[in-house]
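To start, the structure itself, in structure tokens.
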Amino acid sequence: MTPLPARQDWEQAMHNEADAAPDVEWAEQTQRAAERLRILGGFGQSAAAFAALAAVQVLGVQFLAGTPPDWLWQTVMVLTAPLAFILTWRGLDPMPVGSAAIVYFPAAEATRAVLHALMPQQELGSSGLETMSAAVILVLALCGASFAFNLRTSPAKPKGRLT
């Protein structure tokens, strides 16, 4: 059995098909499908990264601290923008990266549920996420992703004196 080609191979094949298609409507639909495939792939990778961040945070609180430290929310905020920056800098679209940050909260609660299922005898403390706002995480992720996108796509600045 041959392995499936990578997402980039599918996307490139769709662009090649659109370039070679004699039918304009078919070519436009194929280009839009390739764009949707690219955006959905970026969302999935970003969602996995934010879910991993949430799982590490919950596991760290449960096994290292026991109770959520006072600085937990500040740490989550400080890590969100750089994570979005890195994902966008590596070539993902900023909008799916920023919007994937919403996965953080369900992933943290899912991690707590899995921990409880694996260790029902142990009393799990709070995850420290009750007072956190999803809007703040989204804004920070979108800002980090937007900043990386602007740096990545900005034209080269001329060297020397500005006149």
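The values are calculated or read from the model by the stated rules, or taken from the named source; none is laboratory data. Because the structure is a prediction, the values reported are computed rather than measured. Quick reminder, even Gly has a Cβ in these numbers, built from the backbone with ideal geometry, and neighbours come from all protein chains shown. Side chains are part of the model used for accessible areas, which takes the heavy atoms of the whole protein and leaves out ligands, DNA and RNA. Shrake-Rupley method; radii C 1.70, N 1.55, O 1.52, S 1.80 Å.
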* With r defined as the distance between the Cβ atoms of Val139 and Ala113 and R0 fixed at 45 Å, what FRET efficiency is calculated, to the nearest 0.05? -> 0.95
* **Accessible area (Å², 1.4 Å probe, nearest 10) - Arg152** => 90 Å²
* Structure fact -> Sorted by accessible surface (1.4 Å probe, heavy atoms of the protein chains only), largest first, Thr111, Thr88 come out as Thr111, Thr88
* Per residue accessible area of the stretch 53-118, 1.4 Å probe, in Å² -> 52 Å²
* Asked: Val78: accessible area at probe 1.4 Å, nearest 10 Å²?
  -> 100 Å²
